[in-house]
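What follows is a single structure, written as structure tokens, with notes after it.
The values are calculated or read from the model by the stated rules, or taken from the named source; none is laboratory data. Values in this document were obtained by computation on a predicted structure and should not be read as measured data. A quick note on method: Cβ atoms are made from the backbone with ideal geometry, for glycine too, and the neighbour counts reach across all protein chains shown. Please note that ligands, DNA and RNA were not included when accessible areas were found on the heavy atoms of the full protein model with its side chains. Shrake-Rupley method; radii C 1.70, N 1.55, O 1.52, S 1.80 Å.
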Amino acid sequence: MPAITALLHARNDALRLGRALETLLPCDEILVIDHASQDATTRIAREYGAKVTASTGSSLSQYLQLVRHEWILCLEARESITEALSASLFEWKSQSQPGIAPFSLFLREETAGGWVQNPVPQTRLVPHTWNRWQGELPAPEPSAIALEGALLRFFQP
């Protein structure tokens, strides 16, 4: 059964981080990279059982060396997974041979005008050997298989 590490980068996200961490039940490990937060971000992350590492300005590849499992689920601190996506992840994990292809997630974003569905899924679940990154998130992979459910991104004023 494949194991998943959730990887989140946080910067003064104490008000949002708990909601994200509460939804990560399918993940076997949570790794939070803290980018010099001045609020309770690190305390909250640890309260939810996350492993917290202070950002040292290192490259992403150095943080990826801290990942213990074969799959990485990448989220922003203001994102959370829906129950449907959680169920999809548990079902995927129960497969005996998950393969090595990346997976994508549909994103629903809260805006000042309401919720907007992004029609193009984002590559967010990748094998630990993934080497195509766009900042802190995996680079888009058009052939990635979309999982059922959605990733919710909450409004950030």
- line: In the chain the DSSP beta bridges are antiparallel at a rate, in percent to nearest 5, of 40
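Using a simple charge model, +1 on the beta-carbon of Lys and Arg, -1 on the beta-carbon of Asp and Glu, nothing else, what dipole does the chain show about its Cα centre, in debye to the nearest 20?
220
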- request: Rank these residues by their accessible area, most exposed first, probe 1.4 Å: Ser55, Ser94.
  value: Ser94, Ser55
The chain, accessible surface, carbon-and-sulfur percent (1.4 angstrom probe): 52
- request: Starting from one equal scatterer on each C-alpha and no solvent at all, send me the Debye-based log10 I(q)/I(0) for segment 116-157 at q = 0.16, 0.28, 0.34 Å⁻¹, two decimals.
  value: -0.50, -1.18, -1.34
field: Over segment 44-94: Rg over Rh, Cα atoms, Kirkwood Rh
entry: 1.00
- request: Binning at 10 Å from 0, report for segment 61-152 what percent of all alpha-carbon pair distances ends up in each bin.
  value: 15, 49, 31, 5, 0
field: Sequence-separation-based contact order of segment 1-109, relative, with Cα cut under 8 Å and 6+ spacing, percent
entry: 38
- prompt: Of Ser94, Ser37, Ile72, which is farthest along the charge dipole of segment 1-109 in the positive direction, counting Lys and Arg as +1 and Asp and Glu as -1 at C-beta?
  reply: Ser37
message: Before I look further, what does segment 1-140 give for accessible area per residue, probe 1.4 Å, in whole square angstrom?
response: 50
field: Where Trp130, Trp71, Trp115 fall by accessible area, highest first, once all protein chains stay in place (1.4 Å)
entry: Trp115, Trp130, Trp71
Part-to-part distance (alpha-carbon centres) for segment 67-113 and segment 1-18, which is given in Å: 12
- prompt: Semi-axes of the equivalent ellipsoid of the chain: what are they in whole Å, largest first, if each equals the square root of 5 times a C-alpha gyration tensor eigenvalue?
  reply: 22, 19, 15
task: Using only the alpha-carbon atoms of segment 1-42, report the extent along each of the three principal axes, biggest first, to the nearest angstrom.
output: 38, 17, 10
query: Which value, in Å² rounded to 10, gives the accessible area of Arg108 with a 1.4 Å probe and all protein chains present?
result: 90
